[in-house]
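**Q** Got a structure for you, questions after.
Taken together, the values in this text are just the output of simple stated rules run on the coordinates, not laboratory data. Quick caveat, the model's predicted, so the values are computed rather than measured. Heads up, the Cβs are rebuilt from the backbone with ideal geometry, glycines too, and the neighbour counts pull from every protein chain shown.
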Amino acid sequence: MSKQYDALVIGAGHNGLACAAKLARAGKKVMVVEANAELGGLAATTEFAEGFKASVAHTLPQLTDKLVKDLELHKHGFSFASEHLETLGLKEDGSDALRVTGDTVTGVSQDQVDAYKRYSAQMQKFAKAIAAFWQKKPPMIGDKSWASVSTGIQFGLNLRLLGKTDMREFTRMIALPAQDVMDEQFEDEHLKAVLAWDYTMGNKLAPRSPNNAMINWLYRLAGDASGFNKLPIAKGGMKGLIDALAASATSAGAVIKTNAAVKKVVVDEETATAVGVELADGEVVHAKAIISNADPKTSFIKLLGTRYIDIQFTHRINRTRTDGQTAKMHIAIKGEPKFNGVSRADGRMIIAPKMSYIENAFDSSKYGEIAQDPAMEIVVPTMHDASLAPEGHHVISITIPNVPYKVKAGWETEKANLQSAILNKLEAYAPGIKDQIVASDLLTPVDLESRYNVTGGHWHHGELALDAWWMNRPTYEASQYKTPIDGFYLCGAGAHPGGGVMGAAGSNAADVVLAASK
Amino acid sequence: MTKKYDAIVIGAGHNGLTTAAYLAKSGLDVLVVEKNDYIGGAAVSRELHDGWIYSNCSYVCSLLRQSIHRDLNLTKHGLMIVPYMGTTNFTRNGDYLAEYPDEAMQYREVRRHSKRDADAMHRYYTDLMKYAKVIRHFLLRTPADPTSFKPRDLQEMAFMAKKFMGMGERDIYEFMRFMTMSAADFLAEYFENDLIKAFYATSSIIGTALGVYSPGTAYVLLHHVMGDVDGAVGAWGLARGGMGSISKAIHGALQEHGGEVMLEAEVDTIIVKGGKTKGVALTNGSVIEAPIVVSNLDPKRTFTKIMNKEDLPEDLYKKAKDFKIRGSSGKVNIALKGMPDFPTLPKGHMLRNGSMQFLDSLERMERAYDDWKHNRWSQDPFIEMTQSSVWDPTHAAPGNYFVSCFIQYCPREVEGGWTEENKQAFGKTIIDQISNYSPNFKDHIEHMEIRTPYDIEKEVGLTEGNIFQGELTIDQLMFNRPFPGYSQYRGPVKGMYMSGSGTHPGGGVSAACGANAAREILMDLKRPNIVPEDEND
């Protein structure tokens, strides 16, 4: 008989590690198994070229103070390289970039500055009304437990406490597409596009897509570890955070095993209870709770197997929308990058001159085509943390939305096409940069899928949309981290509250596992 | 001095006439003022050529509330709804997908294209009908204000909660998902064949400035199947004599109860004094007084055109300005000498009598939407061609055919404006599209009428030519329709009301908006409620 653990976490993504750390710190015997050699999953930091390090996720807006405190991450080596990046809307003609930081914006007319102040205040009010719910287990209609009922009441009350006018605006605006929100508030086309950026990131959504955009923006505003409405990055890159999470877990006795892919979840036939996992090398590890940080499709269909789950539940998991829509490019360069209209490339730079520019790129992706004018988000982490590249060199980290998972012409040929579209656009905004490139690494959704074992390569393990949110994430009967199979739990981004480097899914799942073990 | 009325209704569309009919029935002295020289708004039958009746705006009927039909004795006033056969969809490769009223026939037809999808059909209809039945409870009711603690609002919320709880927990979650999804995602949960998905997706884009991939279109799909013909939920029918028969019948009921209609009387302003409505000023300079003024015009037109900005609360003008009412549909009504040939079907085949569409895939539909985004009419448009005269011979003399083509998408603005040249080019696009499937279609055309959103706006008065008086997205539905805080048919000024499709439950020839408005007005006047409840399924 192999060693028995209290909890076994499948996948050492940031949520898996947060879950493990919380359980270990509560005195549980915990093991984490990770298929890859590095910890972190999509938040892993890889050395993509000799001496150059980068992560798929590059900023930390959703990280909460509570998680940092609960897991004593600062004690375990976590710190911010920068607590707030400015968001810069780049201009191709070389004129000064538009700058958005906190409650202010520069580079636009005074009436737009005033409009932004009003908009920002209202959004923060909305975000604060619902911020607490990202950190809580979702309620369920049939769940009469106090935790569930009180969460439901609290939600209604928080909306009501916004006041009549704001509550009405909330119910209306929550369903608006980014484009309508922006058109109602602003005149400046460039400002609209820059502000609309976070409404659709990571999802298969365009500025004109209704119903889902606002919830993503409010989600993006959720973090307060570096102060509310800030855009921090970690020292040492994402690795800084991942190492701290791992240290928090191991210092409390958790065991982390890398290069240990899970072949399947072991289920006790008689009781239909998950009792352990079988690793790729045949080793079986037993635990009272099996907690999957993998996406819901991988967790239920691949690892658990449909043999143990109801056909309707299987159907509901299969229908979760997991086609990734975002690509990532790491570029290693010699010398400092120089962008048009920006004195120092230390902000989050956005290439999207107007909303229709993003919409057009999205339209290409709808039909499985590569947009020749891609919209991009660019961060140069080495401007804040020199340890990520050799001296005199920099890393450019680019996120490219509107990249389809399925391309009609096939990724064999289209990857080069995507790469040249990205580099051409980069060159247009940073003339001469092509000559500085030492190495690069482009990750399409298909690459992300195979490298990080995430179905569809989807950032959020499934669309973060109103129809897959809260009590419907990933589907009812699995939205409270428990699943229809006893002993089997979810703790990844596929569960509430979703993706982004937040750790809330992991932390919430740990609470549920702890409550169940009492 | 002109006569003073108890209430004035602006606009003789079917909802305005319904409000007026109920107010008259309750004993009020009611006047309906209409800018055109005919009644009906967008529910009209017009003899544009001798012997030809054009249902030139709305063309089919399903949402009309049965209880109103009966309560206002519309049958006595000449209204007869004729059910018609379903739609046949022609594909580029010379095949088709038909819709049969018989379930077994329909199963075999879908099975021809996909066995799995044929099996999924039952599940699809069951789910859709579940949602339709829940929504149907709310059509003839005033939405609760969720921010209010008034007993009536709390009661209404309790009613809603009860109806939803009646679905059972699982279906509530499913319904919550459904309400915000795209039609494409929703249909993908049932079907795999692209043609079948496209076929079912057509209802999700009609009249809507969204594509099949846009979230929110699943609800629009439901909006088109929640009606009924004589209790057959989801069925569609034609009004004998054209859609104008509905307006005429309601007008008949209005006259029966002593109400009046004044034609060619365009309202310039709603007169407000001391925070109360006093009547209306017409563009011809005359003033008609009444303590109650009901606008059947769309909310944008009502609050940005015929009300003075200074009479409105500060935020309302902005709300009206931001109200989403986008022109996205066109119509081409065609009079045919003889029936054109559709080589896909043998002569005399029963499917030749139904409606016709020309689609292969969701992608084709989505590309049609992309054109709209760029201010172009769709180059490969979605067309629903209804052969009205086959089922209702009053439209044309024997041997002649009247067909109504509904087109998605056609924008309000095009490059160069809607010149006569552009308008003809738009018409040509439609005829060419049909000709791809019926080579001799052109030869049969006697005359036709091309209507762009610009024409619909100009003639009917609907802002941007939007057929629903406002987009059917959830930010503009239920208690948010037309704006949050104004969903109970009362305007911002005492004595001012709204009765058009811009209010709950939204567009379509339902008469529900007008009836709901009448109920609220009677309540404010402390008169007994005579507006019937909906008949429960």
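**Q** Calculate the all-directions average of the projected area of chain B's alpha-carbon convex hull, and give it in nm². Write out the running numbers ahead of the final one.
**A** On the way: hull surface 95.7 nm².
Reported value for the Cα convex hull: 23.9 nm².
**Q** Next question. Which far-off residues, 5 or more places away or on another chain, put their amide H under 5 Å from the one on B:Thr269, with H placed in the peptide plane?
**A** Sorted by chain and number, the residues that satisfy this are B:Ala281.
**Q** Short version: ³J(HN,Hα) in whole Hz for each residue of region A:228-242, in order, from phi by Karplus 6.51 cos²θ - 1.76 cosθ + 1.60 (θ = phi - 60°), x for Gly and Pro, what are they?
**A** Rounded to whole hertz, the list is 5, 6, 10, 10, x, 10, 8, 6, x, x, 4, 4, x, 6, 4.
**Q** When A:Ser95, B:Ser501, B:Ser361 are ordered from fewest to most other Cβ atoms inside 10 Å of their Cβ, what list results? Walk me through the numbers before you get to the answer.
**A** Details: A:Ser95 11, B:Ser501 31, B:Ser361 17.
Taking fewest neighbouring Cβ atoms as first place, the list is A:Ser95, B:Ser361, B:Ser501.
**Q** On to the next question. Looking at the protein assembly as shown, send over the antiparallel percent of its DSSP beta bridges, to the nearest 5. Intermediate values should be presented prior to the final figure.
**A** Details: 85 of 126 bridges.
Among the beta bridges of the protein assembly as shown, antiparallel pairing accounts for roughly 65 percent.
**Q** To the nearest 0.05, what FRET efficiency results for A:Asn417 and B:His374 with a Förster distance of 22 Å applied to their C-beta separation? Let's see the in-between values first.
**A** Numbers: r = 23 Å, r/R0 = 1.07.
Once the sixth-power term is evaluated, E becomes 0.40.
**Q** May I pose another question? Put a dot 7 Å past each Cα toward the Cβ at B:Lys458 and A:Glu50; how far apart are the dots in nm?
**A** Between A:Glu50 and B:Lys458, the simple spin-label model gives 7.3 nm.
**Q** If amide H atoms are built 1.01 Å from N in the plane of the peptide, which residues on other chains or at least 5 residues away come under 5 Å of the amide H of A:Tyr489?
**A** Hits under the 5 Å cutoff: A:Ile290, A:Ile291, A:Ser292.
**Q** Hey, can you rank B:516-523, B:299-306 by average C-beta count inside 10 Å, highest first? Don't skip to the end; give the middle numbers.
**A** Details: B:516-523: 23.8, B:299-306: 22.2.
Sorting B:516-523, B:299-306 by mean packing, highest first, produces B:516-523, B:299-306.
**Q** Strictly over 23 Å apart at the Cα level, which of A:Lys144/A:Lys302; A:Lys239/A:Lys302; A:Lys204/A:Lys408; A:Lys117/A:Lys204 would you flag in this model? Before the final figure, lay out the partial values.
**A** Values: A:Lys144/A:Lys302 32 Å; A:Lys239/A:Lys302 28 Å; A:Lys204/A:Lys408 17 Å; A:Lys117/A:Lys204 29 Å.
From A:Lys144/A:Lys302; A:Lys239/A:Lys302; A:Lys204/A:Lys408; A:Lys117/A:Lys204, over 23 Å: A:Lys144/A:Lys302; A:Lys239/A:Lys302; A:Lys117/A:Lys204.
**Q** Placing unit charges on C-beta atoms (Lys and Arg positive, Asp and Glu negative, everything else neutral), compute the dipole magnitude of chain B about its Cα centre in debye, rounded to 20. Write down the numbers at each step before the final one.
**A** Working: 60 positive and 68 negative charges, 208 e Å.
Result for chain B is approximately 1000 debye, rounded to the nearest 20.
**Q** Hey, if you put +1 on the Cβ of every Lys and Arg and -1 on every Asp and Glu Cβ in chain B, which of B:Phe441, B:Thr503, B:Thr429 ends up farthest toward the positive end of that dipole?
**A** B:Thr503
**Q** Let me ask something else. On a C-alpha basis, how far is the centre of region B:293-311 from the centre of region B:51-94 in Å? Whole number, if you could?
**A** If we compute the Cα centre of each part, the gap is 30 Å.
**Q** Which distance in nm do the two modelled labels at A:Gln154 and B:Asp171 give, with both placed 7 Å along the Cα-to-Cβ direction?
**A** 3.2
**Q** Out of residues 5 or more away from B:Ala235 or on other chains, whose amide H comes under 5 Å of its own, with H placed 1.01 Å from N in the peptide plane?
**A** Answer set, sorted by chain and number: B:Val229.
**Q** If neighbour count is taken as other Cβ atoms inside 10 Å, put B:Ser204, A:Ser148 in order from fewest to most.
**A** Working: B:Ser204 26, A:Ser148 19.
Ascending number of Cβ neighbours within 10 Å: A:Ser148, B:Ser204.
**Q** In what sequence, highest mean first, do B:23-36, B:470-483 appear when ranked by Cβ atoms within 10 angstrom? Let's see the in-between values first.
**A** Working: B:23-36: 22.1, B:470-483: 24.1.
Per-residue mean Cβ counts within 10 Å order the peptides as B:470-483, B:23-36.
**Q** Round to a whole angstrom and tell me the spacing of the C-alpha centers of region B:448-486 and region A:251-284.
**A** Answer, in whole Å: 58.
**Q** Additional query: Kindly provide the GluC sites (Glu not before Pro) of region B:231-325 that DSSP labels as loop, not H, G, I, E or B, and whose Cβ sees at most 13 other Cβ atoms within 10 Å. Numbers along the way, then the final one.
**A** On the way: sites: B:Glu256, B:Glu260, B:Glu264, B:Glu266, B:Glu289, B:Glu310, B:Glu314; in loops: B:Glu264, B:Glu266.
Sparse-neighbourhood loop GluC sites (Glu not before Pro): B:Glu264.
**Q** Report, in whole Å, the centroid distance computed from the Cα atoms of region A:350-414 and region B:322-360.
**A** So the separation of the two Cα centres works out to 43 Å.
**Q** For Cα pairs less than 8 Å apart in space and 6+ apart in sequence, what is the mean separation divided by the residue count of region A:289-437, i.e. the relative contact order in percent? Walk me through the numbers before you get to the answer.
**A** Values: 211 pairs, mean separation 42.2, N = 149.
Rounded, it is 28 percent for region A:289-437.
**Q** To make sure I understand, if each residue's beta carbon is the centre and we count other beta carbons within 10 Å, what order do B:Met385, A:Met167 fall in, fewest to most?
**A** Working: B:Met385 26, A:Met167 21.
Lowest to highest Cβ neighbour count: A:Met167, B:Met385.
**Q** To check my understanding: the extent here is largest minus smallest coordinate of the Cα atoms along each principal axis. What are those three numbers for chain A, in Å, largest first?
**A** Its Cα atoms span 68, 58, 47 Å along the three principal axes.
**Q** Also, I was wondering about something else. Would you work out which of B:Tyr213, B:Gly470, A:Met471 lies farthest towards the positive end of the dipole of the protein assembly as shown, given +1 charges on the beta-carbon of Lys and Arg and -1 on that of Asp and Glu, about the Cα centre?
**A** The Cα lying farthest towards the positive end belongs to A:Met471.
**Q** What FRET efficiency would be calculated for the residue pair A:Lys334, A:Ala261, taking the C-beta separation as r and a Förster radius of 56 Å, to the nearest 0.05?
**A** Working: r = 37 Å, r/R0 = 0.66.
The formula returns an efficiency of 0.90 here.
**Q** Work out the mean other chain Cβ neighbour count within 10 Å for the residues of A:357-370 and drop it here as an integer.
**A** On the way: counts 0, 0, 3, 3, 0, 1, 8, 0, 0, 9, 4, 1, 0, 0.
So the per-residue partner count for this stretch is 2.
**Q** If each of A:Ala37 and A:Thr306 carries a label point 7 Å out from its Cα toward its Cβ, how far apart are those two points in nm?
**A** Placing both labels 7 Å beyond Cα along the Cβ direction yields 3.6 nm.
**Q** Give me the Kirkwood hydrodynamic radius of region A:449-498, using the inverse of the mean 1/r over all pairs of distinct Cα atoms, in Å to one decimal.
**A** Values: mean 1/r = 0.0898 Å⁻¹.
It works out to 11.1 Å.
**Q** Sequence gap of 8 or more, or different chains, plus Cα separation below 16 Å: how many lysine pairs satisfy both in region B:121-231? It would help to have the intermediate numbers written out before the result.
**A** Values: B:Lys130/B:Lys162; B:Lys130/B:Lys163; B:Lys133/B:Lys162; B:Lys133/B:Lys163.
Final tally of qualifying lysine pairs is 4.
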